[in-house]
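Just below is one structure, and these are the notes that go with it.
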Amino acid sequence: MKVSNANSSSKLVPPKDDLDRLKRQKSNLIDAELVEIDNLKNYYSDKKTKGRQDHEKDLEELKGLQQKELLSTIEQHQQLLTNKLDEYKAEQQNIEKARTEYISQQKALIAQMKDEHAATVDQKHREAFKSAEDITEHADAILAKARLDNARAMAQGQKHFSDELDKQAQMQDKQIQGRDTAFKLSYNNTDMENSKMLNQQKQSFKKSLNDLEVVSSNKIQNQSNLYQAQLNNEKAQYEALLEQQRETFAERFKSIKDAHDQVLNSTQDKLTKDYLDATKGLLTDKKSIEEKSKDPFYRPVILNESVKDVGRFYDVELALPSHEREYVKMNANGRQIKLSLSRQYSEEVDLSEGTKGTSKKSETISKEFQVPEIVEPKSIVQRYENGKVIFRINKA
């Protein structure tokens, strides 16, 4: 080891108490560095654990996000299917409403036709009865006239007029019977035609109603088949999308897990390397400290000052080796006085692969105290006598 210091030529051997104190301090320093290494290991272990927990948390958040997206897609498809079913039900209701209206219209039409037919039959009955009454009145009038004529002709020839009257009466009876038979036949034919027409209209209505039911049933069946096909198609698309999202999620999960494992392995390798390097550096530093503990230059300086009141001055004396007298300074402010010692040293260290380097370090020691009276900072004078640094400062 090389020590470069401008004033390292003259060295003083410290007492045994200082050596023991130095050993204790160096031992404490080594213990502190070991604690620092343990803290560093704990820090990297906590960092590794935190990284793993953060990664697992990210995976859980990603998984939750994927589940939310899938649930949202499922809800959208369910809503779409619900809307389709509502439309299908509404259309069925419209078809049922149209069917009911059509049946009501047909029933009203049949009722109207029945009313018209009843009115027609009543009118024909009234006309037939009126015609029969007219014929009866006419026959009565003719009969009365014939009887009157017969009474008048009785004087001329009762037999002739009686035969003629009987003949006319027979003819009138036949005419009345013929007209009555013709009226009954006409009425029966008209009733049969009306009944036949009504039956035909009933059959036509029933056929139309059956055709309408068949058409409505076919339309409903076609709509149901169409909706079922559309539902199956959308279900297949949804299942394909769900499977694709599952595959994408599995790939992303695997990629993230591989990256996480790679980061963990890299971090573990780095921590192992840092631990080995820290252990190696600690051993090196320990060896260097043990070597330096034998060198008086590296022993810590204890600032044991003594203050003497010399009339108008204060003399502050400090025992130091001569090679360190240039590195001690004194400052003052009011009654406060501060002593400080700053020193530097360098050493050559062996690096890896046979190379060497220079390590430079610095050390600062300070101490503050008060004097009874206020002093003038600009009046400080320094001198070195008998192994002591003496600072003289004027009182204010």
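The values are calculated or read from the model by the stated rules, or taken from the named source; none is laboratory data. The structure displayed is predicted, hence computed values, not measured ones. Note that each Cβ is placed from the backbone with ideal geometry, even for glycine, and that neighbours are counted across all protein chains shown.
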>> Can you pull out every residue in segment 349-379 that is among the aliphatic types (A, V, I, L, M) and either at pLDDT 95 or above or more than 30 Å from Asp277 (Cβ to Cβ) (or both)?
In response: Ile365, Val371, Ile374, Val375
> Quick one: which of Leu34, Leu80, Leu40, Leu12 is at pLDDT below 75, touching a helix residue (DSSP H, G or I) at 6+ places or on another chain (Cβ under 9 Å) and surrounded by 13 or more Cβ atoms within 10 Å (Cβ to Cβ)?
Replying inline: Leu12
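Which count do you get for residues in segment 206-226 that are among the β-branched types (Val, Ile, Thr) and out of contact with any helix residue (DSSP H, G or I) (no Cβ under 7 Å at 6 or more places or on another chain)?
2
From Ala128, Ala119, Ala111, Ala141, grab the single residue that is more than 30 Å from Tyr88 (Cα to Cα), part of a helix (DSSP H, G or I), among the aliphatic types (A, V, I, L, M) and at pLDDT below 75. Even if it seems obvious, please write down each step before you answer.
Working: Ala119 fails: at pLDDT below 75; Ala111 fails: at pLDDT below 75; Ala141 fails: at pLDDT below 75.
Criteria check complete, one pass: Ala128.
Could we say that Glu60 is in contact (Cβ under 8 Å) with a residue 60 or more places away in the chain and among the acidic types (Asp, Glu) here?
Working: in contact (Cβ under 8 Å) with a residue 60 or more places away in the chain: no; among the acidic types (Asp, Glu): yes.
Judged against the criteria, Glu60 is not a match.
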> Restricted to segment 198-229, and to residues that are touching a residue at least 60 places away in the same chain (Cβ under 8 Å) and over 60 Å from the mean Cα position of the chain (by Cα), which residue is surrounded by the most Cβ atoms within 10 Å (Cβ to Cβ)?
Replying inline: Gln201
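Residues being aliphatic (A, V, I, L, M) and closer than 28 Å to Ser266 by Cβ: count how many of those fall in segment 24-80. Step through it out loud before you land on a result.
Initial filter on segment 24-80 (aliphatic (A, V, I, L, M)): 29-30, 32, 34-35, 37, 40, 59, 62, 65, 70-71, 74, 80.
Filter once more, keeping what is closer than 28 Å to Ser266 by Cβ: 34-35, 37, 40, 59, 62, 65.
Selection size over segment 24-80: 7.
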